[in-house]
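*Asks:* Following this message is one structure expressed as C-alpha cells.
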Amino acid sequence: MTSRRAWPVAAVFAAAILVILSGAARGGATGALVHSHGLSAFGPLKYPADFQHFDYVNPGAPKGGSLAMTGIQAQNSFDSLNPFIVKGVPAEGIDLTFDTLMTRAIDEPDAVYGLVAKAVTYPPDKAWAEFELRPEARFSDGSPVTAADVVASFDLLKHHGAPVYRLMLRDVAKAEARGPHTVRYTFTGEVRRDLPLIVATLPILSKAYYAKHDFEKTTVEPPLGSGPYKVGDVKLGRSITYTRRADYWAKDLPVNRGRFNFDTIRYDFFRDRNAQMEAFKAGVYDLREEFTAKTWETEYDFPAVRDKRVVKAVLPDRTPSGVQGFFMNTRRAEFADRRVREALDLAFDFRWINKTLFYGQYTRTRSIFENSDLTPHGTPSAAERALLDPFKAILPPSVFGPAYTPPDSGGTNDNRANLRKAVDLLRQAGWTIRNGTLVDAAGKPFQIEFLEFDPSIERVIGPYTQALARLGIKSSIRLVDMAQYQQRLVDFDYDVITARFSLPNTPGLEQRSYWSSAAADAPGSFNYAGVRNKAVDALVEDVVSARSRAELATACAALDRVIMAERYLIPQWYKPTHWIAYWDKFGRPAPKALYDRGIVDLWWVDPSKASRLTRGAS
C-alpha cells in the first residue's frame with residue numbers, strides 16, 4: 001500500500017521550507033551581533049566558512065545524461081507552473097528553477113548555508129536578520145538578483161501566496177533593501193527562533209517578471225528563476241522536462257559542487273499505476289520510488305530485475321516519518337465528539353490489513369513525530385506535566401496516562417472486542433443502532449464518505465467500510481481527479497481523507513499550519529482535521545519557542561499526547577526506508593546522506609554503465 005500524502009494545496013516551495021525549519025546559528029560573543037555563513041538550530045554548524053563541498057556529494061561526479069522518473073503524484077499530472085498559490089496542481093520539480101538565500105545541508109538535522117546570500121548577520125534577540133547577497137547572482141535571462149527582488153518575493157508570498165506562506169510569515173514584519181545587495185528582515189513577537197531560517201529559504205522571484213505577470217493566476221508559461229534548471233519541454237497531461245543551465249551562476253559554489261549533474265530531468269505521468277509500471281518495465285523512464293508493498297513484493301520479478309539491469313534498492317530514511325492517517329473533519333457534526341473518533345479508531349483493523357495486504361512490511365504509527373526522538377514514552381514527565389496541567393480540565397484523562405497505543409485487533413479480521421468498545425463509545429456520544437443503522441437523537445443516519453484521488457487506497461478502505469457497517473455506519477469511497485481533490489481540500493469539503501505530514505527534524509512554525517485554531521479557518525491550510533483546541537494552540541507555541549533540544553522534545557511529546565488522545569486522526573502506518581527501483585545506468589554517493597534521498601541533485605549518469613545497458617522487459 002502507498003505510504004502517501006495528500007498532494008499539498010500550497011506551493012511546492014512551502015512544503016520544502018516546512019521540512020527544513022530551524023532556529024538561528026550560534027556564533028559570536030554573548031550580546032554581540034552574530035555574523036555567519038549559515039544557520040542551524042540548537043547547535044554549531046558542521047561545515048566551516050571555507051568548506052569546499054558537502055561530505056555526502058561526489059565533487060567529481062560527471063555532468064551529462066538524463067534522469068526520467070515519476071513523482072509523488074505520478075498518475076495525476078499537473079496544470080500549472082505556478083507553485084506559490086492555492087489554485088492549480090503545480091508541476092513536480094518546479095523548485096529546481098528557483099534559488100533561495102541559503103540552501104539545506106542534508107547530513108545535518110536542519111542546517112542551511114549561503115547560496116544567493118554569502119552571509120547573514122543578526123542580534124542575539126533575533127529582532128532582525130540581514131543577508132549579504134552575492135553580486136554575481138543572476139536570473140536565467142541574465143538579469144541580476146538584487147535585494148529588491150528578495151523584498152518583492154517576500155511581499156508577494158506573504159500577501160498573495162498560499163495560506164501556508166501567510167502563516168509562516170505572520171511574525172515577519174517587513175523586508176527592506178538596505179543597498180543593492182543587502183536585505184534586512186524585521187521580526188515581531190516573542191517567538192523568533194525559526195524566523196531567520198524561514199526567510200533564508202524563501203524562493204527568490206524576479207520583481208521585473210511579476211510586474212508583467214499576474215502572480216495570483218495559474219499559468220503554463222515557464223517562470224523566470226535563478227536556479228540550476230529551467231523549464232524545457234512541457235506536455236500537459238504527459239510530462240515536464242527541466243534542462244540544466246550551463247550558465248548557472250552558482251554551479252561552482254561550495255554548496256553546489258557535485259550536485260545537479262543531469263543535463264535533463266523529466267517527470268512522466270500516467271493514467272493509472274498499471275500503465276506506470278508497464279512503462280517502467282519497458283524502459284520508458286529510468287527510476288521510480290515504490291510506495292505500494294504489494295507491488296514491491298510481487299511485480300518486480302521480470303527479466304530486467306533478474307539479470308540486474310534493473311536494481312531494487314532499499315535506502316534508509318532517517319527523517320521523521322511524521323504521521324499518515326485518516327483525518328476526520330471535525331468541522332462536521334458527526335466527528336465533533338472525541339468518543340466518536342475513538343470508536344472509529346477502534347474499528348480499524350491494521351494488523352489484519354498489514355498481514356493480508358501489505359506483506360507485513362509496515363509498522364503502525366503511534367505518534368505525529370514517528371521515526372524520531374520526539375515521540376512520547378510512558379506517562380508524562382514532570383516537564384511535560386508542567387505544560388499539560390494548566391489545561392487538565394479540558395483534556396481527556398488519557399493524556400496524563402501512558403502514551404497512545406493503537407488498539408490491537410488481534411489480526412483475525414474479526415475485531416469483536418474492539419467493535420464492542422466502539423458501540424459503547426458511540427452510545428455514550430448519543431448514537432444508537434436502529435434497524436441496523438446508526439442514528440442520532442433526531443434519527444439522522446451516520447454516513448462517511450472517504451474522499452480520495454488514488455485508487456490503490458480502495459483495498460484498504462474496503463475492509464474498513466465492512467467493519468464500519470457492523471457498527472451501523474454506511475460509508476463510501478469517492479474517487480476524484482487531482483484538481484477536484486485539491487479544491488475540496490482547500491474548501492475543507494470532505495468527511496475523511498488520507499493524508500501524510502512529513503515533518504522536519506526540528507519541528508517549528510509549520511505546526512501552526514497543521515494544528516492551530518487559526519489554521520482551522522484558513523482555506524488551503526494543512527489543518528485537515530479542523531483542530532480548534534486551546535491546549536493544542538498553547539503547546540504548538542511551546543514547540544515553536546523551545547530554546548533547546550530538550551525543551552523541544554518535551555513540548556513535542558506533550559503536543560503529541562493531546563493530538564493522539566483527542567483522536568483527530570486514525571493513524572495508519574510507516575516504514576523507515578525508501579523503496580527505489582532504477583535502470584542500472586546511475587552512480588550515487590555512498591553512504592546516502594542522512595536526511596534526504598538525494599536522487600535528483602546527487603546522483604549522476606555513469607557513462608560505462610549507460611553504454612552497456614539495454615532496455616526493455618525481455
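*Asks:* Test each condition in (1) touching a Ser or Thr at 6+ places or on another chain (Cβ under 6 Å); (2) open to solvent by 30 Å² or more (accessible area, probe 1.4 Å); (3) free of Cβ contacts under 8 Å to residues at least 60 places away in the same chain for R612 and report the one that comes out false.
*Replies:* The number of the failed condition is (1).
*Asks:* Which one of these does G232 not meet: (1) open to solvent by 40 Å² or more (accessible area, probe 1.4 Å); (2) under 29 Å from E136 (Cβ atoms)?
*Replies:* So G232 meets the others, but not (1).
*Asks:* For segment 161-181, how many residues meet the condition of being part of a loop (DSSP other than H, G, I, E, B), of a type outside the set (A, V, I, L, M, F, W, C) and surrounded by 20 or more Cβ atoms within 10 Å (Cβ to Cβ)?
*Replies:* 2
*Asks:* Among (1) open to solvent by 70 Å² or more (accessible area, probe 1.4 Å); (2) among the charged types (D, E, K, R); (3) touching a strand residue (DSSP E or B) at 6+ places or on another chain (Cβ under 9 Å); (4) at pLDDT below 95, which single condition is R416 missing?
*Replies:* Looking at each condition in turn, R416 falls short on (3).
*Asks:* Okay, next question. Filter segment 466-485 down to the residues that are within 28 Å of the chain's Cα centre (by Cα) and among the hydroxyl-bearing types (S, T, Y), then identify the one that is nearest to N354 (Cα to Cα).
*Replies:* By that ranking, first place goes to S476.
*Asks:* Pairs needed: first member in segment 116-128, within 14 Å of T188 (Cβ to Cβ); second member anywhere, surrounded by 16 or more Cβ atoms within 10 Å (Cβ to Cβ) and aromatic (F, W, Y); C-beta distance under 7 Å; at least 6 residues apart or different chains.
*Replies:* Close Cβ pairs satisfying both conditions: K126/F187; A127/F187; W128/Y122; W128/Y185; W128/F187.
*Asks:* Right, next: Cβ-Cβ distance below 6 Å, separation of 6 or more or different chains: which pairs start in segment 201-227 with a residue that is within 23 Å of T243 (Cα to Cα) and end on one that is of a type in the set (K, R) and open to solvent by 70 Å² or more (accessible area, probe 1.4 Å)?
*Replies:* These pairs meet every condition: T218/K87.
*Asks:* Say whether the condition of being at positive phi, part of a loop (DSSP other than H, G, I, E, B) and either surrounded by fewer than 22 Cβ atoms within 10 Å (Cβ to Cβ) or hydrophobic (A, V, I, L, M, F, W, C) (or both) is met by at least one residue in segment 356-369.
*Replies:* yes
*Asks:* State which residue is surrounded by the fewest Cβ atoms within 10 Å (Cβ to Cβ) when the search covers only segment 448-474 and only residues that are closer than 16 Å to A422 by Cα and polar (S, T, N, Q).
*Replies:* Filtering segment 448-474 for residues that are closer than 16 Å to A422 by Cα and polar (S, T, N, Q), the one surrounded by the fewest Cβ atoms within 10 Å (Cβ to Cβ) comes out as Q466.
*Asks:* Just one of the numbered conditions (1) part of a loop (DSSP other than H, G, I, E, B); (2) touching an Asp or Glu at 6+ places or on another chain (Cβ under 8 Å) is not true of A68; which one?
*Replies:* Single failed check for A68: (1).
*Asks:* Please state which one of G430, G411 is modelled with pLDDT under 95 and among the small types (G, A, S).
*Replies:* After ruling out the rest, the residue left standing is G411.
*Asks:* Is there a residue in segment 272-290 that is open to solvent by 30 Å² or more (accessible area, probe 1.4 Å), of a type in the set (A, V, I, L, M) and either touching a Lys or Arg at 6+ places or on another chain (Cβ under 9 Å) or assigned to a loop (DSSP other than H, G, I, E, B) (or both)?
*Replies:* yes
The values are calculated or read from the model by the stated rules, or taken from the named source; none is laboratory data. Given the structure is predicted, the values throughout are model-derived calculations rather than measurements. Every residue, glycine as well, gets a Cβ built from its backbone with ideal geometry; the counts of neighbours run over all protein chains shown. Heavy atoms of the whole protein, side chains included, go into the accessibility calculation; ligands, DNA and RNA do not. Shrake-Rupley method; radii C 1.70, N 1.55, O 1.52, S 1.80 Å.
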